[in-house]
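Below is one structure, written out as C-alpha cells, with a few remarks after it.
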Amino acid sequence: MKPLRRVGIMGGTFDPIHFGHLVTAEEVRVKFGLDEVVFVPCGIPPHKKGYAVTPAEHRYLMVVLATASNPHFIASRVEIDRPGPSYAIDTLRFFKQHYGEETQLYFITGADAILEIMTWRDSEELFRLCRFVAATRPGYHLEELEKRLTAEQLAHVDVVTVPGIEISSTDVRQRVAAGLPIRYLVPAAVEGYIYKCGFYRECVNESTGSQLSS
Ligand code: ATP
Ligand code: MG
C-alpha cells in the first residue's frame, strides 16, 4: 500500500516571520513525520488587526527568505493571490484538492490560536479536511484547552510540546520601532529585508494606539 503522504499547513500573518514560527514547524515536521510544511501568509487577515499590516507581497517574500534553506519548507501564495479576506477553510479545501485524498493534512497552530479556530463556523468541515496540531510551550497549561474544547473537538487535535521561544511578530515590530535589535529573533535575511524596506519604524503600540517612534 502506498504510504500516506503527510503535509503540514502553517498559516499566519507572518508580519514578520520569526524563529518561533520556524522552530514550531520544524519540530512538528519531525514529530509527525511530515513530508513537507507549507507556510501560508494570509492576504487580508480575516480579523481586523490593530495596526496597518505590511503588504502581503512583502510578508510573502520574508517567508520565502526564511524558509529557503530548509528542503522541507515551502512558501505558498495561495492566500495572497486570492481576493478578499483569507479564510483557512478555503485554503484547506484548496490543499485537499491539490494534494488529493492520499495526503493527510495537518493544520499547525500555536495552542492559543487553536481555541479561536474551534469557534469557526465551518469547524465540522475543517475536521474532515485535516487534523489540527496545537503547538505548546513547555509549562503551558493544557487544562485550559481541555476545559474549553469538547471531547469531539479534542479528538481532532494533537497537542505537541515544542521548545519554547518567547517571540511574537508584535514584539519584533515594536523592537524595530524602539531601535532595539531583532538579530537572533528573525533569520538574518529577514532582518536585512526589514531594514532595507524600512518596515515597522513607525509601528504604533497596539494596546494603547500611541506612536512608539517618530
Ligand atoms: P502577532 O504578534 O502579529 O499576532 P505572531 O507572532 O502571533 O504575530 P502570527 O503570524 O500571528 O505570529 O502566527 C502564526 C501562527 O504561529 C499562529 O498559529 C501562532 O499561534 C503561531 N506562533 C506565533 N508565535 C509563536 C511562537 N513563538 N511559538 C509557537 N507558535 C507561535
Ligand atoms: Mg498572532
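The values are calculated or read from the model by the stated rules, or taken from the named source; none is laboratory data. Treat the numbers as computed from the prediction; the structure is a model and nothing was measured. Reconstructed Cβ throughout: ideal geometry from the backbone, glycine too, with neighbour counts over all protein chains shown. Only protein heavy atoms, including side chains, enter the accessible area calculation; ligands, DNA and RNA are left aside. Shrake-Rupley method; radii C 1.70, N 1.55, O 1.52, S 1.80 Å.
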Residue-span extension gain [Ser123 to Cys197] - 0.36 nm each, minus C-alpha spacing
22.8 nm
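Quick one: work out Rg over Rh on the C-alpha atoms of region 36-81, Rh as Kirkwood radius.
Details: Rg = 11.3 Å, Rh = 11.2 Å.
Expressed as Rg/Rh, it is 1.01.
Let me check against my output: what whole-number percent is the relative contact order of region 31-123, with C-alpha pairs under 8 Å and at least 6 apart?
31
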Volume per residue (Å³) of the convex hull spanned by the alpha carbons of the chain is 133
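In the chain, carbon and sulfur make up what percent of the accessible area (probe 1.4 Å)?
Numbers: 5940 of 11080 Å².
Of all accessible area on the chain, carbon and sulfur atoms account for 54 percent.
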Quick one: which residues, 5 or more positions from Ile44 or on another chain, have an amide H under 5 Å from its amide H? H modelled 1.01 Å from N in the peptide plane, none for Pro or chain starts.
Ser86
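Taking 8 Å as the Cα distance limit and 6 or more residues as the minimum spacing, I'd like the relative contact order of region 5-165 as a percentage.
On the way: 248 pairs, mean separation 41.5, N = 161.
The value is 26 percent.
Which whole-number value in Å² is the accessible area per residue of the chain, probe 1.4 Å? Could you put the intermediate results ahead of the total?
Details: 11080 Å² over 214 residues.
Per-residue value: 52 Å².
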The longest stretch of the chain containing none of the GluC sites (Glu not before Pro) that sit in a DSSP loop with at most 16 other Cβ atoms within 10 Å is 1-100
